[in-house]
Each structure stands twice: as C-alpha cells, then as structure tokens.
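Just so it is clear, none of the values below were taken in a lab; they were calculated from the coordinates. All values reported here derive from a predicted model rather than from experimental measurement. Here the Cβ positions follow ideal geometry from the backbone for every residue, glycine too, while neighbour counts run over all protein chains shown.
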Amino acid sequence: MEARKEAGPREPPTFKGRLPLDGFRYSAPETPPRRNPRRSATASVVASPVGNEPSRTSSREGPSSPARGKKRKRPSAGYAPPSTYAHLPLLPDAIAPNLLVLFVGLNPGIQTARTGHAYAHPSNLFWKLLFSSGVTPRPCRADEDRQMPALYSLGLTNIVARPSRNGAELSRREMDDGVALLEEKARAWRPESMCVVGKSIWESIWRVRHAGRPVGRAFRYGWQDEAENMGVIEGEWPGARVFVASSTSGLAAALSPAEKQEIWDGLGAWVKMRRAEREREAEEDDEGEQGS
C-alpha cells in the first residue's frame, strides 16, 4: 500500500489512443456556388503565358474536337448615312444632248464607285440586257460607259449620287429629293426618252409628282402615259418619254430572268426603230445638202 502511494496520483482514463473520435465528428459540407448550366458546359479559356493560344478546353470537347462558336448574326439592312461611304468617289454622269435614251439608275454601288464605271458589279445584268434586248448592237462593258453617248446615243445618270451597298441604305427623303434634279437634267439635255432602271425609282418619281400618293395599282413596267413625260417645258418641249424597266441588280429577284428580258425587249424594239429612223433622216439631210 505504501509503494502505491509513493507512485503519485493516477491520470484520468481516456480512449484517445484507442479510438479517434474526432474522425466521427459532424461538420456541415461547404455549399458550392450555383452555376449557369449553359456556362458550365463551356470551360473558361485562359491565355497561355507564351502566346495567345488557349490553355484549357471545354470538358465536353476532346483535344482534337473543333471549338463550338456561336453563329454570327448578320446585321440587318437599313439606312446608312452618307458618311459611311464618304471615302468613295462619286460617279460622273455620261450624258450629252439629244440622246435616244437616258438611263436612270438608283445610285452607285460599292464596286461601281471603286472602279468609277456604271453597273460594274459582275452580278449586275445591265450591260447584258442592253445587248440581248437590242439596245446596243454588240456587247458593251462597264468601262465603256463614258463612250455610250457618242457610240450609241445612250446616257447614264442616277436618282441619288452618293454610293451605298444597296438601296436599303438610302432614305426615302434623298430619293424624293433626286426627282427634281432628274427633271432639270431632262430639260437641259432633252433626251427622247428616259429609262427608269428599277421599280423603286419610279415609285419615288410618282410619289413626288402625285402629292405623296403611292403608285399602287397604277404601276406597270414599260412605257408610261404621255402625262408622265419628264422635263416638260410648256409650249417649247413635250418632255422625255418614260420607260420603266426592271432592276438589273443581282439582288433583285422579284422577277425571273425571262420576265426581265421581256420587259427590256420592249425598250430594245423602240430603240432599234428610232435608231433606224435617225439614220434615214441623216442620209436624207446629207442628200439634201449635196443637192443644194
């Protein structure tokens, strides 16, 4: 008994060495942040420290699988201010007195403005239709546009002078403003006829002439009534006859190629007739001068 007392006080009993109770202690799990399921499918791409190549890819994509990019939405066509294409030059008219036909286009396209020649885009059918309809006796090229008045008594102008990618980038106001200038050109140069190349151009001319009323059911391709002659000078000149032709733009798909050809054939038949009459008149004048 005395030996045990000398050993000192005993330590309290413990199970720490035999059973680690800390491992059974409950602890609440950490709540992971909520993620957008669409974004979680796409892994974040981190720039490589060496270059601009991505260092990680999506978990759904293997190393050799192509990246899945979103489809680009094409910008909707709409008005573009003149400043958009201010860097492009304006296209001068090809015009002279007493033309058989003065063609009135909408405005220069991008390709036309860059080359400096009318209807220069390869998809435009203007030069092809001139020949196939008989307006010109041979196929002509866009770079011959300045020679058309001297060669075949044909002129070229536009209702709007500034270039644009398409007609949707023009405003209704500037198209209507161009009508008065067309009237002035008709009075100054006095062509026998004016061919409006496209329905939208004639819609503007009609709207201005008829107090803002749309042409509606009165629209028709081909020759218009004499009351619609352009550049009339009362008591002096009856004005230029108006022929409305289909648009020759490659973007215009409302009419089939056969329908466009039929419309242009109407103009071609008249041009061939008037050209032959002019040639006869010139011969008669020559004979009269020689006889005198």
**Q.** Relative contact order for segment 77-125, counting Cα pairs under 8 Å that sit 6 or more residues apart, in percent
**A.** 36 percent
Q: Would you mind computing, in nm to one decimal, how far apart the modelled labels at ASP176 and ALA258 are, each placed 7 Å from Cα along Cα→Cβ?
A: 4.0 nm
Q: Would you mind ranking LEU125, LEU88, LEU156 by Cβ crowding within 10 Å, fewest neighbours first?
A: LEU88, LEU125, LEU156
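Relative contact order for segment 168-216: what is it in percent, counting Cα pairs under 8 Å that are at least 6 residues apart?
Reported as a whole number, the value is 37 percent.
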Q) Straight-line reach from LYS128: which aspartates and glutamates have a Cα under 13 Å away, not including same-chain ones fewer than 8 places off? A) ASP265
Q. Going by how many other beta carbons lie within 10 Å of each one, how would you line up TYR119, TYR85, TYR221, fewest first?
A. TYR85, TYR221, TYR119
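Ranking request for peptides 127-136, 261-270: highest mean number of other beta-carbon atoms within 10 Å first, then the rest in descending order. Walk me through the intermediate numbers first.
Working: 127-136: 19.8, 261-270: 18.2.
The densest-packed peptide leads the list: 127-136, 261-270.
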Q: Determine Rg/Rh for segment 226-292; Rg is computed over alpha-carbon atoms and Rh is the Kirkwood hydrodynamic estimate from the same atoms.
A: 1.17
Q. What FRET efficiency comes out for the pair ASP286/TRP237, r = Cβ-Cβ distance, R0 = 25 Å, nearest 0.05?
A. 0.45
